[in-house]
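Visitor: This is the structure I want to talk about, given as structure tokens.
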Amino acid sequence: MYSTLGRARPRRTTAPAAHACWNGQVALAAGALLTAALLAVQPAAAQSLLLGQKIELSEVQGRLDHLAIDIEGGRLFVAALGADSVEVVDLRAGKRIARLQPLHEPQGVVYSPESRRLFVANGAGGGVQAFADGKAPAVASADGLDDADNLRIRSSESQLFAGYAHALAVLDTNTLQVIKQIELPGHPEGFAVDSAGRLIYVNVPSAKQIVVVDRQSGHISATWDIAGASGNFPMTLDEPNHRLLVATRRPPALLVWDTAIGKRVAELPVCGDADDLFLDSQRHQLYAICGGGMVQVIRQRDADHYEVVERVATAPGARTGLFVPSSSTLYVAVPSRAGAVAEIRVLRIR
């Protein structure tokens, strides 16, 4: 199955010095009132993220993980890890329309518009499954990928990348047959594949490293230590500027690497418990979704300089989401807590 001084001037009855003092006081008062009036009509700093709607996921308990979208079909897929399901949301109607279950702690999801298939990574020994048009039953599966987590796809090559255990697997999107396995020094979390498909950048928090993989050879070509930090979960790649951006949890920070030289070139304190990080190249800004209960907008002044320009409150535990550039929309997954219903918050970006 499937969020102003209008006061008459008195007659002069004082000495010239007193009169000058009086005039000075009036001028100061008038200036102060004018300044206050001007400030009162000054517009507040424009908010770039505006809550469009909230879509309830009733009866969905526990942790929500990653999201995927079918743009043409207007559907959002939500990995409900705690409920062992994937929730299917009709974005046009603003409601959940189906549920894929039973799954086994689904964590990563990705949708291929070319093949019209939804791929789901199951954390609890369920491997990876493919669903035609995002509907049950599964049409293909890959077993033996323990703790399958994040997924990335290169539809042009019919290849799916899955992080699992202490490795990356490259799978054929048609059969889900494993083509290649790449060993890593720990469990992979967020990772990014460059547009040429040559390099894969992988966060390995247990090793406190970013691992650079040469996809053709399947070998590790570089490792970058995240000295002074840990908990490097989400990342995003800014290819035009040759920058890799990584959010850490301890301390909560944004770390920036120059991919051409493999050196850290910038860092910035950000919100805590980030699990998703997106680059909006059109607006030159990033969106950090943090379980501490907010989304931060980080302005990219240039490749090596960043600043937090906006904080948008969400809810505790809401640390995953999805940025869709074509619709200027950020979706945030809010889990059920303290009696509140789980929901998807739809944030429109100016």
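Visitor: Quick one: in the stretch 56-85, of everything that is of a type in the set (Val, Ile, Thr) and farther than 22 Å from Phe233 by Cα, which residue is nearest to the chain's Cα centre (by Cα)?
Guide: Ile71
Visitor: Is it fair to say Gln47 is modelled with pLDDT of 95 or more and either closer than 26 Å to Ala315 by Cβ or touching a Phe, Trp or Tyr at 6+ places or on another chain (Cβ under 9 Å) (or both)?
Guide: No: the conditions fail for Gln47.
Visitor: Also, quick follow-up: Could you tell me whether any residue of the stretch 181-203 is touching a helix residue (DSSP H, G or I) at 6+ places or on another chain (Cβ under 8 Å) and among the charged types (D, E, K, R)?
Guide: yes
Visitor: Also, quick follow-up: What pairs can you find where one residue is in the stretch 323-350 and closer than 19 Å to Ser85 by Cα, the other is modelled with pLDDT under 95 and in a strand (DSSP E or B), and their Cβ atoms are less than 8 Å apart, with a gap of 6+ or different chains?
Guide: Pairs found: none.
Visitor: Next question, about the same structure. Could you say which residue among Ala313, Ala318, Ala338 is hydrophobic (A, V, I, L, M, F, W, C) and surrounded by 18 or more Cβ atoms within 10 Å (Cβ to Cβ)? Show your work before the answer.
Guide: On the way: Ala313 fails: surrounded by 18 or more Cβ atoms within 10 Å (Cβ to Cβ); Ala338 fails: surrounded by 18 or more Cβ atoms within 10 Å (Cβ to Cβ).
On inspection, the qualifying residue turns out to be Ala318.
Visitor: Just the residues that are in a loop (DSSP other than H, G, I, E, B) and either assigned by TED's automatic domain parsing to the domain that holds Leu277 or within 21 Å of Ala68 (Cβ to Cβ) (or both), please, taken from the stretch 317-350. Break it down into steps so the answer makes sense when it comes.
Guide: Step one: list which residues in the stretch 317-350 are in a loop (DSSP other than H, G, I, E, B), which gives 317-319, 328, 335-342, 350.
Within the stretch 317-350, Gly317, Ala318, Arg319, Ser328, Pro335, Ser336, Ala342 qualify.
Visitor: Under 7 Å between Cβ atoms, at least 6 apart or on separate chains: pull out the pairs that start in the stretch 107-124 with a residue that is within 13 Å of Ala138 (Cβ to Cβ) and end on any residue that is surrounded by fewer than 16 Cβ atoms within 10 Å (Cβ to Cβ) and among the aliphatic types (A, V, I, L, M).
Guide: Going by the 7 Å Cβ cut-off, the qualifying pairs are Arg117/Ala132.
Visitor: Right, Leu330: of a type outside the set (Lys, Arg), under 25 Å from Ala229 (Cα atoms) and under 10 Å from the mean Cα position of the chain (by Cα) or not? Walk me through how you get there before you give the answer.
Guide: On the way: of a type outside the set (Lys, Arg): yes; under 25 Å from Ala229 (Cα atoms): no; under 10 Å from the mean Cα position of the chain (by Cα): yes.
It is false that Leu330 is of a type outside the set (Lys, Arg), under 25 Å from Ala229 (Cα atoms) and under 10 Å from the mean Cα position of the chain (by Cα).
Visitor: Next question. Please go through the stretch 92-118 and pick out each residue that is in a loop (DSSP other than H, G, I, E, B), of a type outside the set (D, E, K, R) and over 27 Å from Ser158 (Cβ atoms).
Guide: Hits for the stretch 92-118 are Ala93, Gly94, Gln101, Pro102.
Visitor: May I pose another question? Does Asp214 count as under 30 Å from Arg250 (Cβ atoms) and among the charged types (D, E, K, R)?
Guide: For Asp214, the condition - under 30 Å from Arg250 (Cβ atoms) and among the charged types (D, E, K, R) - is met.
Visitor: Moving on. Mind listing just one residue for me: the one in the stretch 65-87 that is in contact with a Leu (Cβ under 7 Å, 6 or more places away or on another chain) and either in a loop (DSSP other than H, G, I, E, B) or of a type in the set (Val, Ile, Thr) (or both) and, of those, nearest to Val120 (Cα to Cα)?
Guide: Val86
Visitor: From the list Ile97, Ile55, exactly one residue is surrounded by fewer than 16 Cβ atoms within 10 Å (Cβ to Cβ), among the hydrophobic types (A, V, I, L, M, F, W, C) and at negative phi. Which is it?
Guide: On inspection, the qualifying residue turns out to be Ile97.
Visitor: Which one of these does His166 not meet: (1) within 28 Å of Glu267 (Cα to Cα); (2) in contact with a Phe, Trp or Tyr (Cβ under 8 Å, 6 or more places away or on another chain)?
Guide: Status for His166: all satisfied but (2).
The values are calculated or read from the model by the stated rules, or taken from the named source; none is laboratory data. What you are looking at is a predicted structure, and each value in this text was computed from that prediction instead of being measured. With ideal geometry, Cβ positions are generated from the backbone for all residues, glycine too; neighbour counts draw on all protein chains shown.
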